[in-house]
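To start, the structure itself, in structure tokens.
The values are calculated or read from the model by the stated rules, or taken from the named source; none is laboratory data. Just so you know, these numbers come straight off a predicted model, no measurement behind them. Because the Cβ atoms are built from the backbone with ideal geometry, glycine has one as well, and the counts that use them run over all protein chains shown.
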Amino acid sequence: MKRSPITFKVGTRPSNLAVAQARVALDQIELQIEPHRFEIHSISTTGDRDRSTDLRQSPANFFTHEIDDALLDGTIDCALHSAKDLPAPLSSEIDWFWLPQREEPRDTLVLRASQTLEDLPSNAVFGISSDRRAVYATEHFPHAIQRPIRGNIEERLEQLDQGDFDVIIMAAAALNRLQLHTRIHQFISLEELPVPEGQGYLAITFRKGDARFQTLRTLYTPAVTIAGAGVGHRDLCTVATLRALQRCDLCLYDSLMDQRLLDHLPPHAEAIDVGKRCGAHTKEQYEITQLLCEYARRSRRIVRLKGGDPGIFGRLAEETEALEALALPYHVIPGISALQAATTSTGMLLTRRDLSRGFVAITPRAAAGKIAPCNTAHKATLPTLYYMAIKAMEPITAELLSDGMDPNTPVAVVYNAGARDQEIIRTTLSNLPQHGRESCTNKPGLILIGENSTYQYSQTHGALEGKRILLTCSEALQQRATELVRDYGGVPISFPLIQLIPRIGCPIDNAQTDWVVISSPSSARAYLEIIKAQCIDHRSIPRIMACGRGTAAVFAEHGIHVDAQPEKNFSAQALAQLASQILKPHDHVLRLRSDKAGTALAEALRQTGADITDTVIYDNHPIHHPALPSADILFFASASGVETFISHWGTEPLKTSSCIVIGNPTAEALCKHDCKPDLIAHEATVQGVIETLASHHVSLRLEFPPS
């Protein structure tokens, strides 16, 4: 397909720092969205021209006003700023996001060359540009003279060197980006001098509703996770929610949940209490949705943790609608609610044969805390959910119509709810019997009747637009692949084709080995499992040569350092090249692999003159599935996965779905069957696969934005 490159005009301030940081950031983005390009347009702002106003008295948009005007009148397509320079709030016509890479956030003390703090007089002159820096100087240098300082980075350093100031406080990020890090005399700890949250980050602003930049943003804003915490006790929290908590950057949590769930947050994560109790709201609902959208656009991985099940009296719709209004991706994890805890766990069962075939769940609370009626007439308007009714569509319809229900009442039939092959059919009450006659299967299903059945979550806002990704990789890689697909707004379909079985009894002679050479994360896991089973001390492990970051990460999980790995092009070929530079003749090398990997790498290693023991430590066993789920994209992580897939379902599915592979050996396995992958990962890791897939889709959508 012939591509039509787009060149976007990017506004930024004219300083060397602004232009330099913009070019570096935009070059990185261009690599992801090839063939599109960015063209920098320097725009002078009031803050650049006015060199006399103390920044502590300057207006919030001192460095952005003219750039915002150029953006809104269409002179530029977007703008790139230091995130800390963005005024709060921004114009309602402007949307934004932060880029995730952060430069060193701390502030620094900068002195003249060859000077130290001990050389300074007690009344040293400090150049101050913010209130927080003034507070720091007052606390730590109480006798110093504080004077406002203005100008760009180079001009401030010139004022320092000319003797106008003895010390200036500057952001390390600015000095690093201008290759002036040698001017840093001392870093100031974040405890002594807290910095704005945006310090070190860059932000892109664009016209609100511009589909091109909403699309670009999906590469840098992981999907928000809205999760049910369960109720009462943390044991009633789902595994899916626990996993989300364990990898999040920020958790916005409710009051009605077991607070010990927050213990599962990683050390760097922040937790914010947004709980609402009757008459005592920590945050109003509009503030919660505002926080959610604010932090999502800061490229943070967010979990919105709601007590019970988020969809039952949880104000969930307001939060998802706020995210959808900004085209921000999200996904929802259901939870155990008070409904189940109060009934199923106590014996007061809501359904009991010959006693009750259903129940009503309702609240007397209306908006603004008012009391609403719960009478018979109101109950008749509630949505109705039928369990175990797939083969009873005709009598259900006849009964409801005879009761006077409108024939055009919306109906949804949900088959295999929560499973990888979940299917939703939408129809009307009058057409429900026809669906039953034509399409009814033996699959389990529920029937939802009422206006509620017309709603659904948007799955089109992420980089992957809700596409179903069939993950054929081994079980060991499934969780990571699933998380990444969800981050980018796709639907992961877990479908491992290969089971990896370590040879637990395989002899491992670490004592007589100089190097262990491992070319895949799966081999690393098998090696560690064998060592554990054989009670081998980790301290006896020899030096490790690995193929790349994914393999090194497996060892890092166990506190084991990899001694050598290629800097790029993670593959067996790159590993062989690295080994030729490191291995010495007569080194004893243990090459560990699967039964399918072959001996090519071992033969390449022997060219170094080293003594190579080629050892199979795990076997690939095919996994048999009864059916192939529908998918938009197929992901293959190994040649053996390709062979297993084609042996079961042939090559026809490869013609109707896109295909991405983890590396050239996997691509070659497809080519043997006259099939060609649509994409090969830029890096032979699971993360490389999903990032390549997301970037490709974003690049295409920039070219053909939705109308």
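Screening the candidates S474, S520, S458, S430 for the property of being touching a strand residue (DSSP E or B) at 6+ places or on another chain (Cβ under 7 Å) and of a type in the set (S, T, N, Q) yields one hit, S474.
When L634, L700 are checked against the criterion of being surrounded by fewer than 17 Cβ atoms within 10 Å (Cβ to Cβ) and closer than 28 Å to R212 by Cα, L700 stands alone in meeting it. Evaluate the stretch 502-509: report whether one residue or more is surrounded by 15 or more Cβ atoms within 10 Å (Cβ to Cβ), under 28 Å from the mean Cα position of the chain (by Cα) and not assigned by TED's automatic domain parsing to the domain that holds P407. No. Residue pairs whose Cβ atoms lie under 6 Å apart, separated by 6 or more positions or on different chains, with the first residue in the stretch 53-80 and farther than 23 Å from H36 by Cβ and the second among the hydrophobic types (A, V, I, L, M, F, W, C), are E66/I43. Just to verify a result, which residue in the stretch 190-237, among those that are touching a helix residue (DSSP H, G or I) at 6+ places or on another chain (Cβ under 7 Å) and either acidic (D, E) or on the phi > 0 side of the Ramachandran plot (or both), is surrounded by the fewest Cβ atoms within 10 Å (Cβ to Cβ)? Taking the candidates together, the pick is E192. Can you tell me how many residues within the stretch 389-403 are in contact (Cβ under 8 Å) with a residue 24 or more places away in the chain and farther than 17 Å from H435 by Cβ? Total satisfying the criteria: 0. Before we move on, is F206 touching a Cys at 6+ places or on another chain (Cβ under 7 Å), of a type outside the set (A, V, I, L, M) and either modelled with pLDDT of 95 or more or not assigned by TED's automatic domain parsing to the domain that holds S92 (or both)? Yes; evaluated as a whole, the condition is true for this residue.
Taking the stretch 1-33 as the range and being more than 22 Å from E154 (Cβ to Cβ), among the polar types (S, T, N, Q) and part of a helix (DSSP H, G or I) as the test, the residues that pass are Q28, Q32.
The strands (runs of 3 or more DSSP E) falling completely within the stretch 288-407 that include 2 or more residues that are closer than 30 Å to E270 by Cα map to 302-306, 330-333.
With respect to the conditions (1) free of Cβ contacts under 8 Å to residues at least 24 places away in the same chain; (2) under 30 Å from K84 (Cα atoms); (3) of a type outside the set (G, A, S), T351 lacks only one, and its number is (2). Of the residues examined, D487 is not one that is of a type in the set (D, E, K, R), closer than 30 Å to A610 by Cβ and touching a residue at least 40 places away in the same chain (Cβ under 8 Å). The residues in the stretch 121-145 that are surrounded by fewer than 17 Cβ atoms within 10 Å (Cβ to Cβ) and out of contact with any Lys or Arg (no Cβ under 8 Å at 6 or more places or on another chain) can be counted, and the count is 11.
Tell me, yes or no, whether the stretch 204-225 has at least one residue that is under 30 Å from T343 (Cα atoms) and within 27 Å of the chain's Cα centre (by Cα). Checked the stretch 204-225: at least one residue is under 30 Å from T343 (Cα atoms) and within 27 Å of the chain's Cα centre (by Cα). If you go through the stretch 633-656 and keep only what is touching a Ser or Thr at 6+ places or on another chain (Cβ under 9 Å) and either without any contact (Cβ under 8 Å) to a residue 12 or more places away in the chain or in a helix (DSSP H, G or I) (or both), you end up with A639, S640, G641, V642, T644, F645.
Whether a residue is out of contact with any Pro (no Cβ under 6 Å at 6 or more places or on another chain), crowded, with 19+ Cβ neighbours inside 10 Å and touching a residue at least 12 places away in the same chain (Cβ under 8 Å) was assessed, and A173 passes this test.
Counting just the residues of the stretch 59-112 that are among the small types (G, A, S) and surrounded by 15 or more Cβ atoms within 10 Å (Cβ to Cβ), which one comes out farthest from A144 (Cα to Cα)? The extreme case among them is A70. Looking for something of a type in the set (S, T, N, Q) and more than 30 Å from V698 (Cβ to Cβ) - is there at least one such residue anywhere in the stretch 529-544? Yes, the stretch 529-544 has at least one match. Within the stretch 147-165, the set of residues being surrounded by 15 or more Cβ atoms within 10 Å (Cβ to Cβ) and in a strand (DSSP E or B) comprises just one member, P148. Taking the criterion of being of a type in the set (V, I, T), outside any helix (DSSP H, G or I) and either buried (at least 16 other Cβ atoms within 10 Å of the Cβ) or without any contact (Cβ under 8 Å) to a residue 60 or more places away in the chain (or both), would at least one residue in the stretch 239-249 satisfy it? Checking the stretch 239-249: not a single residue is of a type in the set (V, I, T), outside any helix (DSSP H, G or I) and either buried (at least 16 other Cβ atoms within 10 Å of the Cβ) or without any contact (Cβ under 8 Å) to a residue 60 or more places away in the chain (or both).
Applying a threshold of 8 Å to beta carbon distances and a minimum spacing of six or more residues, or different chains, the list of pairs starting in the stretch 404-425 at a residue that is over 19 Å from I493 (Cβ atoms) and ending at one that is at pLDDT below 90 and aromatic (F, W, Y) reads I425/Y415. Taken across the stretch 657-668, residues that are farther than 30 Å from A524 by Cα, at pLDDT below 95, within 27 Å of the chain's Cα centre (by Cα) and not in a strand (DSSP E or B) do occur, with at least one present. Evaluating I168 against the criteria (1) surrounded by 21 or more Cβ atoms within 10 Å (Cβ to Cβ); (2) on the phi > 0 side of the Ramachandran plot leaves one unmet condition, (2). Among the residues of the stretch 444-462, is any modelled with pLDDT of 90 or more, under 29 Å from the mean Cα position of the chain (by Cα) and either more than 30 Å from I531 (Cα to Cα) or not in a strand (DSSP E or B) (or both)? Yes: one or more hits. Taking (1) surrounded by 15 or more Cβ atoms within 10 Å (Cβ to Cβ); (2) at positive phi in turn, H586 satisfies each apart from (1). Taken residue by residue, the stretch 608-624 has at least one member that is out of contact with any helix residue (DSSP H, G or I) (no Cβ under 7 Å at 6 or more places or on another chain), loosely packed, with under 14 Cβ neighbours inside 10 Å, outside the structural domain of I660 (by TED's automatic domain parsing) and more than 24 Å from P492 (Cβ to Cβ). Would you confirm, using the coordinates I've provided, whether D273 is within 26 Å of I288 (Cα to Cα), crowded, with 17+ Cβ neighbours inside 10 Å and either in contact with a Phe, Trp or Tyr (Cβ under 8 Å, 6 or more places away or on another chain) or acidic (D, E) (or both)? The answer is no for D273.
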